[in-house]
Amino acid sequence: GQSLEQPSEVTAVEGAIVQINCTYQTSGFYGLSWYQQHDGGAPTFLSYNALDGLEETGRFSSFLSRSDSYGYLLLQELQMKDSASYFCAVRDPGNTPLVFGKGTRLSVIA
Amino acid sequence: GAVVSQHPSRVICKSGTSVKIECRSLDFQATTMFWYRQFPKQSLMLMATSNEGSKATYEQGVEKDKFLINHASLTLSTLTVTSAHPEDSSFYICSAPGTSATYEQYFGPGTRLTVT
């Protein structure tokens, strides 16, 4: 089976940097994805790491260490609109569903 | 990116009635679609995998006779909640796998079901 652990809540100040960690246990590993979900909305894709290292996309970066079964999402220059839930997720190759972590609710405060 | 639509976006029904939710891939074909359910402040939980031309695969604990899934074409999957009860009130989201190497999945906007 697959399981992912991430903190339930994080609060950070506008303009700051926040890191959301994710540890996972999977029978086979084919990459770690991150999704953002605003209240009442659908998840939107943020990033994907298949290999170790850092992937950067604008203000968001994602890191993966396969040896540690660990990854994180880094959000820089936080904005109020970044307040949302963030999910790490894994899936098997092919047409398989995502398995999500329980999600981290990020609150950005002024 | 690929677009997935869902209809209705919000529905209120009485206990004991049935509700049909449609999920469409608008600009691509999806032989497989996934149905998730999300309760407030919780994660997305996979309910079933919908396969075009064959029976859906349900996750453990999901009643296939209560949640009927039909993948009628390469662009349409439907979820029917039969004999709905208040505990079925939830946010239902469909998704389709992408074809890119990033393993992105494309999600519909979701359907908020309230059973009174």
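The values are calculated or read from the model by the stated rules, or taken from the named source; none is laboratory data. Everything numeric here is computed off the predicted structure, so don't read it as measured data. Don't worry about glycine lacking a Cβ; one is built from the backbone with ideal geometry, like all the others, and counts go over all protein chains shown. Heavy atoms of the whole protein, side chains included, go into the accessibility calculation; ligands, DNA and RNA do not. Shrake-Rupley method; radii C 1.70, N 1.55, O 1.52, S 1.80 Å.
Summary of computed values
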quantity: Other protein chain Cβ atoms within 10 Å, averaged over every residue that makes up A:91-103; calculated: 6
quantity: Within a Gaussian network of chain A (alpha carbon springs, distance under 10 Å), most fluctuating of A:Tyr30, A:Tyr72, A:Tyr86; calculated: A:Tyr30
quantity: Accessible surface buried once A binds B (1.4 Å probe; total of both sides; Å²); calculated: 1700 Å²
quantity: Gaussian network model of chain B, springs between alpha carbon atoms under 10 Å - residue of B:Ser95, B:Ser77, B:Ser18 with greatest fluctuation; calculated: B:Ser18
quantity: For q = 0.10, 0.17 Å⁻¹, Debye-computed log10 I/I(0) when each Cα of chain A counts as one equal scatterer; calculated: -0.26, -0.75
quantity: Heavy-atom surface of chain A, accessible at 1.4 Å and reported per residue (Å²); calculated: 47 Å²
quantity: Kirkwood hydrodynamic radius over Cα pairs of the stretch B:20-116, then Stokes diffusion coefficient at 4 °C and 1.567 mPa s, in µm²/s; calculated: 95 µm²/s
quantity: Under 15 Å from the Cα of B:Lys66 - aspartates and glutamates, other chains or at least 8 residues apart; calculated: B:Glu87, B:Asp88
quantity: Ranked order, A:Asp92, A:Asp39, A:Asp52 - accessible area, probe 1.4 Å, largest first; calculated: A:Asp39, A:Asp52, A:Asp92
quantity: For the protein assembly as shown, cysteines whose Cβ has no other cysteine Cβ within reach (under 4.7 Å); calculated: B:Cys13
quantity: Over the stretch A:60-108, volume per residue of the alpha carbon convex hull, in Å³; calculated: 100 Å³
quantity: The protein assembly as shown, dipole about Cα centre (Lys/Arg Cβ +1, Asp/Glu Cβ -1), debye to the nearest 20; calculated: 660 debye
quantity: Too-long pairs where the Cα-Cα distance tops 21 Å, listed order kept, from B:Lys14/B:Lys41; A:Lys81/B:Lys41; A:Lys102/B:Lys20; A:Lys102/B:Lys14; B:Lys20/B:Lys64; calculated: B:Lys14/B:Lys41; A:Lys102/B:Lys20; A:Lys102/B:Lys14
quantity: Whole-Å semi-axes of the protein assembly as shown's equivalent ellipsoid (Cα gyration tensor); calculated: 30, 20, 15
quantity: Residues A:Arg59 and B:Arg112, FRET efficiency given R0 of 25 Å [Cβ-Cβ distance, rounded to 0.05]; calculated: 0.25
